[in-house]
Each structure stands twice: as C-alpha cells, then as structure tokens.
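As structure tokens, the structure follows; a few thoughts come after it.
The values are calculated or read from the model by the stated rules, or taken from the named source; none is laboratory data. Since the model is a prediction, treat every value here as computed from it, not as a measurement. Reconstructed Cβ throughout: ideal geometry from the backbone, glycine too, with neighbour counts over all protein chains shown.
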Amino acid sequence: MELLVRLNLLYTVFFCALFISCDDDDYPYADLPSVVLNGFRAEFSDAKDIEFKKTGEHYEVEFEIDQDDAAAMLDSTGTILKERREVSWKDLPSQIQISLDSEFGKEKIEDPEIITVGDKVYYQVQIQQFLMDKKLVYDANGKPDASLEYWD
C-alpha cells in the first residue's frame, strides 16, 4: 500500500513538472510577427529587458538602453512610428528648461523624455503637483505643443 502511495506521489510530481514546463515562457515572442521583432531589433540591437504589447493595430515595446528607459511604437510591418527615451534635465533644450523652471520650479519636474516621430522631435515632462501630476509636451523650439498627446 505504501508503495502505491509513493508511486502516485511520484506520478503527481512528474505530471506537475511536465505541465509547468509547458507554459508559454519558452518563447516570449511567439505571438509577435517576426517582421515586427526584426524591425525592432534592427533599430535597437542593444536593447535589454524587452516587453512587447499589442495596442490596437500597433505594437508598443518598452525596453532599456544603457540603463535608460525607452519605448517604441511599431506598425504591423515592423516600421517604427515613434520612439521615446528617458533624458536628464540637462538634455532638455534651454528654452524648455527656462520655461519649466520659471513656471513650476526645476524640483517639480519629473521624467523628462525625448519623443521622436518621424523627423520631428518633442520633449515631454511630468510636473509634480499637489493632487494630480501635470503632463506637458513641448516641440523642439521649446513651445508647448498640444498636437501630440503625452505618451505614458
């Protein structure tokens, strides 16, 4: 009887291990079209901690480059539609620094990022406020730009 219990336990452990090994983590990009993955890798070959997600008809990927947070939006052909990268305060154009510092104070500025859409460059920042953070987008000339939505 004890042998039967041990055999049942052994089978249970074996089948549990088998089912656990059959999860979909073996190939994390299995549902991703290869043209999208190839388009991303061609542009960002040094990316680390890559996470893809489908958003509507496009694919958004978050990743790290040189320990900086970054993201890209690709279409179904693997073409990069836009990208963003974390930058420091000193990397913001001086017009934006002056505007933000005079209106909000430098210490309230969080998460400055550079956004590239085609050949246009934008900058986005979060302003830490009492009840709700404010999110702003600036064009390359340092002027607020409402035509581009803040990219979370």
message: Pairs needed: first member in segment 105-132, at pLDDT below 95; second member anywhere, aromatic (F, W, Y) and surrounded by fewer than 17 Cβ atoms within 10 Å (Cβ to Cβ); C-beta distance under 7 Å; at least 6 residues apart or different chains.
response: K106/W89; I109/W89; I127/F104
- prompt: What is the number of the single condition among (1) surrounded by fewer than 15 Cβ atoms within 10 Å (Cβ to Cβ); (2) within 24 Å of L148 (Cα to Cα) that N38 does not meet?
  reply: (2)
- request: Looking only at segment 112-152, count how many residues are surrounded by 14 or more Cβ atoms within 10 Å (Cβ to Cβ), assigned to a strand (DSSP E or B) and either at positive phi or not hydrophobic (A, V, I, L, M, F, W, C) (or both).
  value: 10
message: Within segment 27-35, does at least one residue satisfy the condition of being modelled with pLDDT of 95 or more and closer than 27 Å to I114 by Cα?
response: yes
field: Every residue from segment 81-97 that is surrounded by 12 or more Cβ atoms within 10 Å (Cβ to Cβ) and either without any contact (Cβ under 8 Å) to a residue 12 or more places away in the chain or touching a Gly at 6+ places or on another chain (Cβ under 7 Å) (or both)
entry: P93, Q95, I96, Q97
task: For segment 53-64, enumerate the residues that are under 11 Å from the mean Cα position of the chain (by Cα) and either touching a residue at least 24 places away in the same chain (Cβ under 8 Å) or surrounded by fewer than 18 Cβ atoms within 10 Å (Cβ to Cβ) (or both).
output: K53, Y59, E60, E62, E64
